[in-house]
Amino acid sequence: MFSMLPSPNRSSSEDSFGLRVLCEPWPIIPDLGLESSIVNRIRVLEAANSPFLLGKEKGEYWAEIKESLRNSSYQREYYRGLDFENRDLLIRERKHSCYEVFREILLRNPSLEEAAAYPPQENFISFLNEKRDALDVSHPGHSPAEVDRLEILFLKEVEKDLVKNGSGSIHIIGNLN
């Protein structure tokens, strides 16, 4: 039978030390592969001067992500943050890809931009950014990860339509008026 009383061979300071050691958080083990992937993907967007990096200086976007990850208290929190940042970056990459196809269509068809009532590139960026708000409103009980997946699917469809239909795409016509 086990006794719950302290062992006569141990002092209370030894027990206290043992409890403090057990209560200390384990060090966070970074996922260097995914972090490296995120850094390199951010650099690609930075090199392209993507409007979807929130106007941050080169290196600043990753520095903020890295600081946030390093401030994680637990491994699970770190992974949750890393997963969020990876999805968020994927959305930014998809938006940028759609934007680049949109710009190429405008370059091949200068009359489209000339006939536009408002700056089409600004309208297109707003259209892409506002879709998230619409998804949040139309899917109130869904987790952010589920809404992220819906947004990614939407962006894939936009890009597919732009590539397939070019200047006849609904996404071109809708952003020129």
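Return the pair list, or none, for Cβ contacts closer than 7 Å from residues in segment 39-59 that are modelled with pLDDT of 95 or more to residues that are outside any helix (DSSP H, G or I), at least 6 apart or on different chains.
What qualifies is E46/K58.
Listed here are the residues, each with its yes/no results for (1) touching a helix residue (DSSP H, G or I) at 6+ places or on another chain (Cβ under 6 Å); (2) closer than 21 Å to F102 by Cα.
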position	(1), (2)
L128	yes, yes
D133	no, no
E146	no, no
K156	no, yes
S169	yes, yes
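Quick test for you: out of N123, N109, pick the one residue that is out of contact with any strand residue (DSSP E or B) (no Cβ under 9 Å at 6 or more places or on another chain) and surrounded by fewer than 16 Cβ atoms within 10 Å (Cβ to Cβ).
Being out of contact with any strand residue (DSSP E or B) (no Cβ under 9 Å at 6 or more places or on another chain) and surrounded by fewer than 16 Cβ atoms within 10 Å (Cβ to Cβ) holds for just one of N123, N109, which is N109.
Restricting attention to segment 130-153, does a residue exist that is among the hydroxyl-bearing types (S, T, Y), surrounded by 11 or more Cβ atoms within 10 Å (Cβ to Cβ) and assigned to a helix (DSSP H, G or I)?
No.
Residue pairs, Cβ under 6 Å, 6 or more apart or interchain, first in segment 85-114 and within 30 Å of L69 (Cβ to Cβ) and acidic (D, E), second part of a helix (DSSP H, G or I) and at pLDDT 95 or above. List them.
So the pair list comes out as E85/I65.
The values are calculated or read from the model by the stated rules, or taken from the named source; none is laboratory data. If you're wondering where the values come from, they're calculated on a predicted model, not measured in any experiment. In this analysis, Cβ positions are derived from the backbone assuming ideal geometry, glycine residues included, and neighbour counts consider all displayed protein chains.
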